[in-house]
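Asker: Dumping the structure here so I can ask a few things about it.
A short reminder: the numbers here are calculations on the coordinates, not readings from a lab. If you're wondering where the values come from, they're calculated on a predicted model, not measured in any experiment. Quick reminder, even Gly has a Cβ in these numbers, built from the backbone with ideal geometry, and neighbours come from all protein chains shown.
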Amino acid sequence: MNSDSSGRIGRSADGNGRAARKTFGMHQGSGFLSTRQRRLAWLGFLLAAVQAPVSARLVDDSSWLFSLCVALMVATVIIADDAARRRPADAPSGE
């Protein structure tokens, strides 16, 4: 505990009762999808993911696999965009 008379919890190892300076988080990189494109991608993913099992139940052939492949491709794009958004803005894109 800090021996400061105000009762605040703080750093006590260095003997200085001053509050630590504020730090700023990393700047986030921007993805390659805009906000609207990202929302439409999520909508497309959800529609294709719901349509695949419904189609598999109602249709005798294997055409439902196409919906599943489309949903997986859209999910891959969303994941790649999310990874690009989480990368710091000054990080090289090749890593």
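Asker: With a sphere of radius 11 Å drawn around the Cβ of L33, what net charge do the other residues whose Cβ falls strictly inside it have (Lys, Arg +1; Asp, Glu -1)?
Answerer: +2
Asker: Picking from A84, F66, P53, whose Cα lies most toward the positive end of the charge dipole for region 35-86 (charges on Cβ: Lys, Arg +1; Asp, Glu -1)?
Answerer: Value computed over the given set: A84.
Asker: On to the next question. Going highest first, how would you order 46-55, 59-68 by mean Cβ packing within 10 Å?
Answerer: 46-55, 59-68
Asker: After finding the eigenvalues of the alpha carbon gyration tensor for region 35-86, what semi-axes result from the square roots of 5 times each, listed largest first in whole Å?
Answerer: Ellipsoid half-lengths, sorted descending, are 26, 10, 6 Å.
Asker: Follow-up question, since we're still on this one. Please give the peptides 35-42, 75-82 ranked by average Cβ packing (other Cβ atoms within 10 Å per residue), highest first, as a rough proxy for protection.
Answerer: Answer by packing, highest mean first, reads 75-82, 35-42.
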